[in-house]
């Protein structure tokens with residue numbers, strides 16, 4: 001199977017599962033927020049934010065090292081699985097103790113910390129599933145991750161509906177996450193038993209040192225990404241009186257935005273193992289893949305930002321109802337952070353592929369620090385609107401930082417990017433005009449028609465060129481011929 005065919009297969013599997021997962025996640029979000037209300041959802045969102053930051057020790061970048069190294073040498077599979085599990089057991093115990101201590105020092109109520117600890121345990125379980133999913137990625141058999149994604153999200157929705165039917169409180173609702181994580185771990189354990197060598201449990205301290213040393217840049221990136229994504233919610237809890245309702249409004253908008261991240265994760269995740277190989281075999285083709293992925297993500301991101309800005313109030317009303325109306329302004333602001341996340345993801349995966357993960361670590365550290373400083377000034381005065389603005393400003397700073405270092409490595413902005421951006425912007429303006437003209441239609445129909453108009457314009461303006469069309473034909477051919485001739 002050649003490179004194009006592998007990309008086709010992996011992207012289709014990941015895209016299909018993530019679209020299904022997106023649907024399940026969307027309904028999970030709708031039912032959860034409407035059931036818990038702004039205050040209850042705010043408290044649950046705080047627990048997720050606090051636990052997601054404190055999990056960094058147990059979830060340091062070991063999985064990224066596994067993907068990279070096992071993709072290059074599959075004989076390492078058994079040793080890496082066994083030793084990674086042992087490392088994570090030690091890190092998980094440390095994380096549980098540290099989280100409890102930090103919560104006590106910050107003075108959070110015991111009732112709140114109970115919810116935090118349940119969510120933390122669920123994240124620890126998920127981190128063990130990540131060991132197997134990373135090996136799956138290295139073997140480029142993404143269909144198993146696709147199935148796992150569907151299983152996890154369907155179970156989450158099922159347990160959420162059951163919890164709502166039983167009328168549990170927020171504490172009980174936290175167990176939806178924990179039970180779902182155990183089901184997911186069971187699935188990945190079965191995959192490992194069927195497809196991979198049995199783990200080797202011999203403790204290799206030299207390997208531990210190597211994995212931890214190599215994982216630190218990935219881990220630093222992970223912790224600072226987590227701080228960047230979740231610290232605003234924690235800071236709202238500390239800087240605003242009676243913050244639960246405000247945290248609910250903010251996170252309702254934030255979840256709608258973050259849920260879209262499955263798009264760049266799906267596309268670039270399927271490319272990462274291949275890009276890692278190309279770095280040592282075909283640097284020219286690696287540059288080509290980077291440029292194309294950058295353009296494709298820009299084509300998708302900008303109209304999402306424009307459309308959400310125009311339809312913000314309608315989207316919040318449909319998804320959450322009138323009680324969450326204050327979330328609309330946050331959604332209009334936060335969507336532009338997601339636009340930048342789409343584009344910045346191209347840089348991040350590129351640097352990880354060429355063993356420059358320290359650049360990503362520095363970027364995430366800068367972003368986390370900058371975001372905290374902005375939040376300190378903006379949240380007390382502008383509440384969740386200030387937190388939203390700080391998020392966008394931080395992503396913009398990250399873009400310029402990553403662009404600077406990408407250029408130094410010989411991977412600057414793609415050729416003709418400025419012309420593509422102008423054409424995309426014009427297409428978005430025309431799309432916006434049609435949204436205003438067709439305002440009386442239902443929102444789903446309006447979105448569908450507007451998206452169709454946009455993509456027709458993209459083709460007419462030649463943003464999609466002959467090379468893109470030829471690649472699309474090869475991708476389709478790759479799907480039709482899964483046993484094609486070997487290639488890269």
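The values are calculated or read from the model by the stated rules, or taken from the named source; none is laboratory data. It should be emphasised that the depicted structure is a prediction, and the values quoted were computed from it without experimental measurement. Don't worry about glycine lacking a Cβ; one is built from the backbone with ideal geometry, like all the others, and counts go over all protein chains shown.
Assorted remarks:
- Set 339, 319: member being without any contact (Cβ under 8 Å) to a residue 40 or more places away in the chain, assigned by TED's automatic domain parsing to the domain that holds residue 290 and farther than 15 Å from residue 229 by Cβ: 339
- All of 226, 213 fail the test of being free of Cβ contacts under 8 Å to residues at least 40 places away in the same chain and under 19 Å from residue 359 (Cα atoms), apart from 213.
- Of all residues making up the range 160-180, the number that are surrounded by 15 or more Cβ atoms within 10 Å (Cβ to Cβ) and not in a helix (DSSP H, G or I): 1
- Residues that are in the same structural domain as residue 25 (by TED's automatic domain parsing), over 30 Å from residue 398 (Cα atoms) and in a helix (DSSP H, G or I) do not occur anywhere in the range 211-232.
- Here residue 463 passes the criteria (1) surrounded by 13 or more Cβ atoms within 10 Å (Cβ to Cβ); (2) part of a helix (DSSP H, G or I) except the one numbered (2).
- Residue match in the range 25-33 (condition: assigned by TED's automatic domain parsing to the domain that holds residue 171 and closer than 28 Å to residue 218 by Cα): yes
- Scope the range 406-422; condition under 12 Å from residue 346 (Cβ atoms) and at pLDDT 85 or above; matching residues: 406
- Any pair with Cβ under 8 angstrom, 6 or more apart, that starts in the range 280-305 at a residue that is at negative phi and surrounded by fewer than 16 Cβ atoms within 10 Å (Cβ to Cβ) and ends at one that is modelled with pLDDT under 70 and not in a helix (DSSP H, G or I): 281/488; 282/488; 285/488
- Residue 314 vs. criteria more than 23 Å from the chain's Cα centre (by Cα), surrounded by fewer than 22 Cβ atoms within 10 Å (Cβ to Cβ), assigned to a helix (DSSP H, G or I) and at pLDDT below 90: no
- Taken together, 366, 378, 403 contain a single residue that is assigned to a helix (DSSP H, G or I) and at pLDDT 95 or above, which is 378.
- Between 427, 387, the distinction of being at pLDDT 90 or above, under 22 Å from residue 243 (Cα atoms) and either in contact with a strand residue (DSSP E or B) (Cβ under 8 Å, 6 or more places away or on another chain) or buried (at least 21 other Cβ atoms within 10 Å of the Cβ) (or both) belongs to 387 only.
- Filter pass, residue 94 being part of a helix (DSSP H, G or I), surrounded by fewer than 18 Cβ atoms within 10 Å (Cβ to Cβ) and in contact with a helix residue (DSSP H, G or I) (Cβ under 9 Å, 6 or more places away or on another chain): yes
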